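Taking it in order: structure first as C-alpha cells, then the write-up.
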Amino acid sequence: MAAGLGGVGDDPAGTTYARGMGVRVDVWTWSVRLFPSRTKAAAACRGGHVKVNGDAVQPSKNLVPGDRVQVTGALGRIRILEVVETINTRVGAPVAATCYIDHSPPPPPKEIQASQPRRERGAGRPTKRERRETDRLMGRDRR
C-alpha cells in the first residue's frame, strides 16, 4: 500500500497496521495476544471484562494511543495496559509487547492463591451446609 493513504504503513515484518488511527477494542486485544480468538475478545467486552479509561465498553469501541485498557482475566487477574500503538493484525509476542505499556499490579504470591478454597472439579453443587461454611469463611455471614 502507498504510504500516503490515511496513515497506513507496512513494517519490516510485513504486517499492516494503522498508525494513529482508531482500531476496535476487540481487534486490538486479540492482536496483542490478550485473548486467543477475536470471538473470545468480543465476548469479554460484552461481558464487562474489558474497560477503556475506566468504562466498560462494547467490542466496537475505537482505541487510540494513550487509552488505558483494563482486562479482567481468569481467577480475577487484572491487566492494565496503556495503548502505545494501534494494530489490527495479530502479531508475534515480541512485536505485541511493543504496542502497549503494562501498568498491571504484580500477581498475588503462589501461597495466597494456594490457600484460597477450591471445590474439586465434578464435586457437584455445594450443600446448604457447605455454602454456609464458605460464606462464613469469605466474611459474608448473614447473622
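Straight-distance candidates among the aspartates and glutamates for linking to residue 51, with alpha-carbon spacing under 18 Å and chain neighbours fewer than 8 residues away dropped: 26, 67, 82, 85, 102. Note on residue 128: aspartates and glutamates with a C-alpha under 19 Å away, same-chain residues under 8 apart excluded, are 120, 141. Annotation: Cα Rg of segment 8-107 relative to the compact-globule expectation 2.2 N^0.38 Å equals 0.99.
Read-outs throughout are calculated quantities, based only on the coordinates presented, and are distinct from any laboratory measurement. All values reported here derive from a predicted model rather than from experimental measurement.
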